[in-house]
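Enquirer: The structure under discussion is supplied below as structure tokens; questions concerning it will follow.
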Amino acid sequence: MIGDILNEKGVELLGFGENGFRQLTNSKQEIKSPADMKGMKIRIPGINMYTDLYRALGADPTTMAFSEVFTSLQQGTINGQENP
């Protein structure tokens, strides 16, 4: 279906990947609404779109490799992380 939609726009689909839903975990509080994100230090992948999104939600996004997440959580550098 995606290929059909793109073909209508003159784009030939060669392939695509699907990473699943994005997950957010943290050590502070349950996230029930965007307001709950205010001031949270969240690890995100180094993608500008995610930086803009989490800043708009009031969070303090930090880009870092996933391999650094566990140490950063233990040291308090971040208090949450986001990934697929």
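The values are calculated or read from the model by the stated rules, or taken from the named source; none is laboratory data. Quick caveat: nothing in here was measured; it's all calculated off a predicted structure. Because the Cβ atoms are built from the backbone with ideal geometry, glycine has one as well, and the counts that use them run over all protein chains shown. Each accessible area value is taken on the protein alone, full model and side chains, heavy atoms only, with ligands, DNA and RNA left out. Shrake-Rupley method; radii C 1.70, N 1.55, O 1.52, S 1.80 Å.
Enquirer: Could you report the chain's accessible area per residue, 1.4 Å probe, as an integer in Å²? Display every interim value, and only then the final one.
Expert: Numbers: 6180 Å² over 84 residues.
I get 74 Å² per residue for this part.
Enquirer: Let me ask another. Check which residues have an amide H placed less than 5 Å from T62's amide H, if you skip close sequence neighbours.
Expert: Amide H neighbours of T62: I42, R43, I44.
Enquirer: Normalised by the residues of the chain, what does the relative contact order come to in percent, with Cα pairs under 8 Å and at least six apart? Write out the running numbers ahead of the final one.
Expert: Values: 105 pairs, mean separation 29.4, N = 84.
So the answer I get is 35 percent.
Enquirer: Within 10 Å, at most 14 other Cβ atoms, and a DSSP state outside H, G, I, E, B define an exposed site. Report the longest part of the chain free of exposed GluC sites (Glu not before Pro). Can you show the working numbers first?
Expert: Values: sites that count: E12, E18, E30.
Formally, the longest exposed-site-free interval is 31-84.
Enquirer: Right, here's the next one. Where in the chain lies the longest segment free of chymotrypsin sites (Phe, Trp or Tyr not before Pro) that are both loop residues by DSSP (not H, G, I, E, B) and have at most 12 other Cβ atoms within 10 Å?
Expert: On the way: sites that count: F16, F21.
The segment 22-84 is the longest one with no such site.
Enquirer: Taking Cα extents along the principal axes in Å as the quantity of interest, determine which of (1) 38, 23, 22; (2) 80, 29, 23; (3) 49, 28, 19 was computed from the displayed structure.
Expert: Answer label, from the structure shown: (3).
Enquirer: Further, regarding this structure: On the accessible surface of the chain, probed at 1.4 Å, how many percent belong to carbon and sulfur atoms? Display every interim value, and only then the final one.
Expert: Details: 3300 of 6180 Å².
Carbon-and-sulfur percentage of accessible area, whole number: 53.
Enquirer: Here's something else I'd like to know. In terms of solvent-accessible area of protein heavy atoms at a 1.4 angstrom probe, what is the ranking of S67, S33, highest value first? Each step should come with its number before you reach the end.
Expert: Working: S67 105, S33 45 Å².
Largest accessible area first, the residues go S67, S33.
Enquirer: Could you give each residue of segment 53-66 its phi-based ³J(HN,Hα) in whole Hz, using Karplus coefficients 6.51, -1.76, 1.60 with θ = phi - 60°, and x for Gly or Pro?
Expert: 4, 5, 5, 4, 7, x, 7, 10, x, 10, 8, 6, 5, 4
Enquirer: Report the extension gain between V11 and K28 in nm, rounded to one decimal, defined as 0.36 nm multiplied by the number of residues separating them, less their alpha carbon distance. Don't skip to the end; give the middle numbers.
Expert: On the way: separation 17, 0.36 × 17 = 6.12 nm, distance 4.44 nm.
Full-extension gain reported as 1.7 nm.
Enquirer: In deg cm²/dmol, rounded to 500, what helix-only [θ] at 222 nm does the chain give when every DSSP H run of at least 4 residues adds -39500 (n - 2.57) and the total is split over its residues? Before the final figure, lay out the partial values.
Expert: Numbers: 3 runs with 23 residues, N = 84.
Counting only the DSSP helices, I get -7000 deg cm²/dmol.
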